[in-house]
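First up is the structure itself, then whatever we jot down about it.
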Amino acid sequence: MTPAPAVAVAGLGKRFGAVTALDGVSFSVAPGERFGVIGPDGAGKTTLFRILATLLRAGTGTARVLGLDPATDLWTLRPRLGYMAGRFSLYPDLSVDENLRFFASVFGTRLDAQRRNIDPVYRHLEPFRDRRAGALSGGMKQKLALCCALIHTPDLLLLDEPTTGVDAVSRREFWDLLEDLQADGLTVIVSTPYMDEATRCDRVALMQQGRILALDTPQAIAAGYGRPLFAIDTPDRYKALLALRAAPGTHSVFPFGATLHYTAARADLAPAAVAAGVNDVLRQAGLAEADVAPTPPTIEDAFMARASTDGR
C-alpha cells in the first residue's frame, strides 16, 4: 500500500494586491523524501513555505501537510513541523545553548533530553555553545537555526533558502547534514535559488513567477533539455554573446560560468557544422575563432530554456 503524501498541494494560488505570488501550484512530497523548490528571488518560494508552515493562508487551492489542513488545523500541525525562515530569526544576544534551551521550552521539552537527536548538527556548534548567536559566522548561524528547528523532533522540516549568503564550504556541509537527517527518515522540503543545489534533492520543482515550470528528478529535468548544447570558450564573451544573439542561426545563447552555452536554430546540425557557423558569426563581428564543443545540459540550462518559453 502506497503511504499518503507528507505534503500535497493542488491549484495553490496567492495574490498580494496586483501581484500574483503563486499561480496554480500543484505537487506532492512522499514521506522521507528530500524535495527541492528551486527558483530565483520572486519565484514564490517563501509564500509557498509560509502557507505550508501555517503562517499564511492560501487564496485558492488546497494544501494538506501531514494529513492536516495548515489553515484550519494549525495548532495541531505546528508541533509536528520544523521551520527555518530565510532570514536569520534567532536571538542574537543569547548564546547558542540559550537559544536552544528557549526553543526547547517553547515545544515543552529540554535541550538535554534532545541532545542525542540533534547531535549530527549540534556537534558542529558545541565548541561555540557559549558564544552569542549574533557573533557566529554565517554558516554557524544556519546550523544553529537548523538545530532550533529540530529541537522538538519534527515529522517534517521546511527550510526556506537555508544556504543563502553563506560560503561554498558551509553550503556543502549544510547539505551533508540534510542527507544525514533524511537517512533517519525525516521528510525535508528545502528551497534555494542555487541551481547547483538541485542535484542534492530526490526531486525538484523549478519555479518562476509563481508557477512550476518542471517537476521531476534533477537528472530527468536536465536530460529533458531537448536540443544539442554547445559550450563556447571565447576571450570576449560579452561581444560574442551580442553577436550570436543577433545571428539568425541562433536558437539560444547565455553566459554559463567562464563560457557561453549555445543552441543552434537547427537541431539536426552536426557539431562541426555548428562550430563552423558560430565561428563565421564571430569573424564577421571582428572576433577571433572560439572553441565550440558539445556539452551535457545541466538543470540550470533546463531552467533557462523553460523560463524563456514560459510566455510571461
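The values are calculated or read from the model by the stated rules, or taken from the named source; none is laboratory data. Just so it is clear, the model here is predicted, and its values are computed rather than measured. Virtual Cβ from ideal backbone geometry, glycine too; neighbours counted across all protein chains shown. For the accessible areas, the whole protein counts, side chains as well, though only heavy atoms, and no ligand, DNA or RNA atoms are used. Shrake-Rupley method; radii C 1.70, N 1.55, O 1.52, S 1.80 Å.
Structure notes:
- Filter result for the condition that a residue is assigned to a loop (DSSP other than H, G, I, E, B), open to solvent by 20 Å² or more (accessible area, probe 1.4 Å) and in contact with a strand residue (DSSP E or B) (Cβ under 6 Å, 6 or more places away or on another chain), over Arg266, Arg227: Arg227
- Taking the stretch 162-207 as the range and being in contact (Cβ under 8 Å) with a residue 60 or more places away in the chain, part of a loop (DSSP other than H, G, I, E, B) and buried (at least 22 other Cβ atoms within 10 Å of the Cβ) as the test, the residues that pass are Pro162, Cys201.
- In the stretch 21-58, residue surrounded by the most Cβ atoms within 10 Å (Cβ to Cβ) [restricted to those that are of a type in the set (Lys, Arg) and in contact with a helix residue (DSSP H, G or I) (Cβ under 9 Å, 6 or more places away or on another chain)]: Arg34
- If you go through the stretch 59-76 and pick out every residue that is touching a Pro at 6+ places or on another chain (Cβ under 6 Å) and not small (Gly, Ala, Ser), you end up with 0.
- Scanning the stretch 60-78 for residues that are at positive phi, part of a loop (DSSP other than H, G, I, E, B) and crowded, with 16+ Cβ neighbours inside 10 Å yields a single hit, Leu66.
- Matching residues, the stretch 98-121, being open to solvent by less than 50 Å² (accessible area, probe 1.4 Å) and either more than 24 Å from the chain's Cα centre (by Cα) or touching a residue at least 40 places away in the same chain (Cβ under 8 Å) (or both): Asn99, Leu100, Phe103, Ala104, Thr109, Leu111, Gln114, Pro120, Val121
- Scanning the stretch 180-215 for residues that are over 19 Å from Glu300 (Cβ atoms), of a type in the set (A, V, I, L, M) and in contact with a Pro (Cβ under 9 Å, 6 or more places away or on another chain) yields Leu181, Leu186.
- Annotation note: of Thr263, Thr250, the sole residue that is under 18 Å from Leu213 (Cβ atoms) and modelled with pLDDT of 95 or more is Thr263.
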